[in-house]
Amino acid sequence: MRKAENSGATDVEARAYLDKATELMAKYGIEQAMLDDDVAEPERPVDRIVDLYPPYVKEGRRLLGRIGYEMRCRSVYPGGKDNRHRVHLFGFETDLQATEALFASLRLQMLEGADRADRLHRPEREDARAYKRSWMLGFIREVTARIGAAQQAARAATEERTEAGGDGTSGRSVALVLADRTAVVEARLAGKYPTLNKARPTKFKGTGYWRQGVADGRDADIGGRAFDEEDQVAQLTC
């Protein structure tokens, strides 16, 4: 990932580095889950608060929450004036680390890409902030779908090895192991936040979503499952 972010790397090199990083993160996280399923005292999920900073905090929260969702983590916006720049992440340590690493890289790409799209593609009379925000939403949709696709590929590859008996584990299916871990993560979240609201659909006015945001997201340096336009992030009932 450091190589991908190096200013001396070409676009092709950066994309290849991030594609490989995403592939390795997905493979490692799933293999760790399968190995952990075989031990007497398996790992337990953890949680931590992530502080976000301007600009575009709301879009940053959305990006972090959706990356986490694809990496088997769950998120809450705690709500309230003191927490408006915070996301509370829940998950297993390996998945949380991968989520935060991807977020750091993709947030930088998102902000730089929105500025570039604004300069090159925004219609003359359209509000710059509205255009950038809509571009970011399209970018987030596409890049997190690609992360989901990398996870699906890793699950399928691990399942093939498990069925062939070549992974050294006891043989529970990948789908069952991951489903159980997700249930444990969601139970930990529910224990901390027993009453949650479903996130409201996001509204936006700019034209950058389909024209450039999704298109540029396809070319971003990562490496799909589509989702609807409602956040896959919970909100605490006020």
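Data table
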| quantity | calculated |
| --- | --- |
| Residue match in region 121-131 (condition: assigned to a helix (DSSP H, G or I), out of contact with any Phe, Trp or Tyr (no Cβ under 6 Å at 6 or more places or on another chain), more than 21 Å from Arg72 (Cβ to Cβ) and at pLDDT below 90) | no |
| Test: residue in region 99-118 that is closer than 14 Å to Arg48 by Cα and assigned to a helix (DSSP H, G or I) | yes |
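The values are calculated or read from the model by the stated rules, or taken from the named source; none is laboratory data. Bear in mind the structure is a predicted one, so any value in this text is a computation, not a measurement. Every residue, glycine among them, receives a Cβ derived from its backbone with ideal geometry; neighbour counts consider all protein chains shown.
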